[in-house]
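Take a look at the structure set out below.
The values are calculated or read from the model by the stated rules, or taken from the named source; none is laboratory data. Owing to the predicted nature of the structure, the values given are computational and were not obtained by experimental measurement. Every residue, glycine as well, gets a Cβ built from its backbone with ideal geometry; the counts of neighbours run over all protein chains shown. Just the protein is used for accessible areas: all its heavy atoms, side chains included, with ligands, DNA and RNA removed. Shrake-Rupley method; radii C 1.70, N 1.55, O 1.52, S 1.80 Å.
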Amino acid sequence: MELAGGERPTIVIGGKGSSLSSADVYAVARGFRKVAIDPAALERFSRSQSPPPHPVAVESISKFLTTAESRAALVVLINKLVVSDGAVRPIFLSLIGEILGLQSGHSSLDFGSSGGLVTSLFKLNGKHPDEFVGATKVEICLLEKSSAASVGICAMLDCYASALVRLSDAVAAFSCEAARADVAFFDLPPSGDGFSIKDETDVAADIKAFLLGSKTVGQLNSEPFSEIPLVHGSFRGAVRALHDRTRVELNSSINVRSHGKEIALVALVFRLAMSIQLMCEISLERAMAVATFLGNEEKRKKFMEDFNKRCPSLDVMREGLCFISEKTASGSDSVEVLHGVYELLVILKEILAWEAAVALYALELDDSIEKQEVNDPACINVNSENEKVEKKVEKKKRKKTLGRGTSILWKVFKDMLNSQNDASIDNVATFGHWAELLALYFAPEETKFHTLLGKIKEIVESNEVRRLPKIPKGTLDFGKEQMAIREHAFSVITDVFKRHGAVSLDTPDFELSETLMGKYGEDSKLIYDLVDPGGELCCLRYDLTVPFARYLAMNNINSLKRFQIGKVYRRDNPSKGRYCEFYQCDFDIAGQCELMVADFEVLKVLTELLDELNIGDYEIKLNHRKLLDGMLEICGVSSEKFRTVCSSIDKLDKQSFDQVKKELVEEKGLAVATAEKIGTFVKKRGPPLEILSELKGSGSSFLGNSGSVLALNELEILFNVLEKTKCLEKIVFDLSLTRGLDYYTGAIFEAVFKGSTQVGSIAAGGRYDNLVGMFSGKQVPAVGVSLGIERVIRATETQVLVAILGKDLLLAVELVNELWNAKVNAEFGLNKRVRNHIDRAIPWVVFVGES
């Protein structure tokens, strides 16, 4: 952003297709950009009719910003006023534009109130506020609701922090070189597997890109370096969250009904502040680790004295964080919090400069490392011509080389210090002077800093480490071994479906949005939207049931027993056993038949599937939607809250009832007594006939509810038939089972693993008598089940992994041979890192260490 001279570039506000970025705001704040309002936008405001002004009331509490913060707030304010297209007089916009036309030097502005801001604006332009007569009620409202000061400082934070994200990774890699760190810390699994954090794996990949080809790393095991992916990944995540919110706030109109915007921004930057503290701590720890390579003891002692005296201390940073915490907790002044976080960023920048200087100094002292020649004044002189000749001779003996990326960093850092051609490598104070210079250069407005960031970007994006493609998170590749197992499973599933007379059906992977929306309750937010050039609004299918109902309605089919195996898509957060793309295997019976006959057959199919796939011990939880609705009615829940309350009850398999109760009371608006009454019902689970007998017994509150009586009678028929076919022993009557989808109308069920193997639902289904009618108006009763194939088969048939924490091949072979002789499917692995063994998808692992 630094300009050598000439006219400053102009940012046009209100132009067609224009938008404001954090970098724009930062440039205006620092005086490197001018602001102009698009003439067409001004013309719109001149045509608008504004009500007469009234005297401005200046509040007693003032909120003065720094010059840069004032300019940032003003450019945000003028953009929001233009975007809002509100009834603001052109004179007010022109007033702000004139101030932003000044390059620098104006005093700070009072953003404590609309009146205070108007007054300080006029004083700054050399005018008296009386000339303005006053502000209209609309103008006052827009000023007060704009949150311009907070959003402006957030934009400055976003620009600064985003630059430090890349810089911090580069400096960390540079320290890894200087400290001979072990690069095994950065061998993380890909983020698409659902078992790792994307930000952490991206940081690890970037560090490896810098260190590719290095012959110095791999010798030191030290905590500061092993924590780089975790700490830097957390910093990335906090910065990205701030960036996403700021980008929206910069270009959104002013919502006069909005409350709590500044609180939300403070919450975001508080998370950033916590990550900055960790970044400062780990950077200082890395610098200390590098210091152990600074030659003799005397030199290290001098280094520590200079370092402790001149480098920012953690105490200063912690005092700042305590101040931010107090202000955040009190909610008194969001601007003070944001300003405090900005000061923490400045401290982080200075600490990173010291870390970079120490690493550069250590590498310069190390004669065993081969470095590229730098044919410019950045070459650091030694004390005498003899030393130069001696170093040139020694160069032939050097064998160690820096990584491809870090060697470029080494040259760029020296280029940044090219004015220090008289610095002596034997003078310990040299590195301190380098640190102070780098701290000056590490700022978004510096040309040298932009050059450095450009080089960092080239290294990360062009290095061959990053040329390996990745898959999106929540998706999986399946190789030949996995496909052999999956194809066998699909064959077993298809055989069971056909045994029961089902025919195969296929539907498109995507449907019209109107087909899918409104069928899945709160889960509708997980549907993937598609952009269709033809103009139709489409979505990837969420399940196979709704497309099946659409098919029946579209083709006027009244009766069909079908199966379908296909992929479905959910915009979910990947976790163990939860993916964004996965196969479902569906079996459905549509059409009129004897009461509970179809429900029984679907459940019988489910037990046959799980038994023949040999998945292990499982149970099928079962409930009835009418019984669930009756329960809520008995508890006093209004009918319009049935579905949202059910979504809370559905969390009982992951949360305690106290947590669910808190959600029901605080978020869903139920009375405490109502929530507690619900608790007495949803805790009932056990053998079907026992629970049924209890619910139908004398004095049961369910007997007074017609829907519940109907449900209990249907379940009695179902349980008796299941008992006759020896399927009932797998069923558990569970009143907490809700199934969150809106289309269920009768019996609902869900299969899960028993014991410690928990990956969520492995199969689920129920009766949906009204779904077809939503499309055609003609009711076709139906019931079905869906099996998730990813959760019931493993990627390998290996049962046990013998994990040797070392390289003892003889011991590994001896142990695994015992398992093979016992007909146990087993493998062995040799790796000193526990995580590498755990990451393999195998049920049992035997760890063998030195002791």
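Before moving on, here are some points about what is shown:
- Each residue in the range 682-694 was checked for being assigned to a helix (DSSP H, G or I), modelled with pLDDT of 90 or more and either under 45 Å from the mean Cα position of the chain (by Cα) or buried (at least 18 other Cβ atoms within 10 Å of the Cβ) (or both), and 3 of them qualify.
- Residue count for the range 607-622, restricted to those that are more than 36 Å from the chain's Cα centre (by Cα) and either farther than 15 Å from residue 751 by Cα or open to solvent by less than 50 Å² (accessible area, probe 1.4 Å) (or both): 3
- Within the range 768-813, being in a loop (DSSP other than H, G, I, E, B), among the aliphatic types (A, V, I, L, M) and modelled with pLDDT of 80 or more holds for 780, 805.
- Checked against (1) open to solvent by 40 Å² or more (accessible area, probe 1.4 Å); (2) within 20 Å of residue 742 (Cβ to Cβ), residue 642 passes all but a single condition, namely (1).
- Condition check for residue 599: open to solvent by less than 50 Å² (accessible area, probe 1.4 Å), touching a residue at least 24 places away in the same chain (Cβ under 8 Å) and either more than 27 Å from residue 684 (Cα to Cα) or not in a helix (DSSP H, G or I) (or both): no
- Residues located in the range 10-27, provided they are under 16 Å from residue 445 (Cβ atoms) and at pLDDT below 80: none
- When 752, 709, 772 are checked against the criterion of being under 15 Å from residue 610 (Cβ atoms) and out of contact with any strand residue (DSSP E or B) (no Cβ under 6 Å at 6 or more places or on another chain), 752 stands alone in meeting it.
- Counted residues, the range 271-302 - those being within 40 Å of the chain's Cα centre (by Cα) and either in a helix (DSSP H, G or I) or surrounded by fewer than 17 Cβ atoms within 10 Å (Cβ to Cβ) (or both): 22
- The listed residues are 707, 697, and the only one of them that is farther than 18 Å from residue 600 by Cβ, loosely packed, with under 14 Cβ neighbours inside 10 Å and either without any contact (Cβ under 8 Å) to a residue 12 or more places away in the chain or more than 37 Å from the chain's Cα centre (by Cα) (or both) turns out to be 697.
- Yes/no for residue 484 being in contact with a helix residue (DSSP H, G or I) (Cβ under 7 Å, 6 or more places away or on another chain), modelled with pLDDT under 95, assigned to a helix (DSSP H, G or I) and more than 30 Å from residue 406 (Cβ to Cβ): no
- Residues in the range 499-520 that are touching a Phe, Trp or Tyr at 6+ places or on another chain (Cβ under 8 Å) and in a helix (DSSP H, G or I): 515, 516.
- All of (1) touching a Ser or Thr at 6+ places or on another chain (Cβ under 9 Å); (2) small (Gly, Ala, Ser); (3) open to solvent by 50 Å² or more (accessible area, probe 1.4 Å) hold for residue 521 with one exception: (3).
- Within the range 465-481, the set of residues being surrounded by 15 or more Cβ atoms within 10 Å (Cβ to Cβ) and part of a loop (DSSP other than H, G, I, E, B) comprises 473, 474, 475, 476.
- Contact map, the range 630-645: first residue in contact (Cβ under 8 Å) with a residue 24 or more places away in the chain, second residue open to solvent by less than 40 Å² (accessible area, probe 1.4 Å) and among the acidic types (Asp, Glu), Cβ cut-off under 7 Å, separation 6 or more or different chains; the map is empty.
- Sub-9 Å Cβ pairs linking a first residue in the range 294-321 that is under 29 Å from residue 273 (Cβ atoms) to a second residue that is modelled with pLDDT under 75, at least 6 apart or interchain, are 306/428; 306/429; 306/431; 307/431, ordered by first then second residue.
- Note on the range 212-237: among residues that are touching a residue at least 60 places away in the same chain (Cβ under 8 Å) and open to solvent by less than 10 Å² (accessible area, probe 1.4 Å), the one that is farthest from residue 402 (Cα to Cα) is 235.
- Scanning the range 155-185 for residues that are at pLDDT below 90 and either part of a helix (DSSP H, G or I) or in contact with a Ser or Thr (Cβ under 7 Å, 6 or more places away or on another chain) (or both) gives 177, 178, 179, 180, 181, 183, 184, 185.
- Condition check for residue 697 on (1) at pLDDT below 90; (2) touching an Asp or Glu at 6+ places or on another chain (Cβ under 9 Å): one failure, at (2).
- Tally, over the range 814-833, of residues that are part of a loop (DSSP other than H, G, I, E, B), open to solvent by 50 Å² or more (accessible area, probe 1.4 Å) and free of Cβ contacts under 8 Å to residues at least 40 places away in the same chain: 4
- Counted residues, the range 686-711 - those being of a type in the set (Lys, Arg) and under 13 Å from residue 735 (Cα atoms): 0
- Among the residues listed as 571, 625, 562, 578, the single one being without any contact (Cβ under 8 Å) to a residue 60 or more places away in the chain and either open to solvent by less than 30 Å² (accessible area, probe 1.4 Å) or among the basic types (Lys, Arg) (or both): 571
- The lone exception for residue 312 - which of (1) in a helix (DSSP H, G or I); (2) closer than 23 Å to residue 161 by Cα; (3) open to solvent by less than 60 Å² (accessible area, probe 1.4 Å) it fails: (1)
- Scanning the range 257-270 for residues that are within 19 Å of residue 330 (Cβ to Cβ) and either in a helix (DSSP H, G or I) or polar (S, T, N, Q) (or both) yields 261, 262, 263, 264, 265, 266, 267, 268, 269, 270.
- Filtered by the rule that a residue be over 17 Å from residue 412 (Cβ atoms) and crowded, with 24+ Cβ neighbours inside 10 Å, the range 345-361 gives 348, 351, 354.
- In the range 343-363, the residues that are without any contact (Cβ under 8 Å) to a residue 12 or more places away in the chain never reach a residue that is part of a helix (DSSP H, G or I) and open to solvent by less than 10 Å² (accessible area, probe 1.4 Å) with C-beta atoms less than 8 angstrom apart, at least six apart or across chains.
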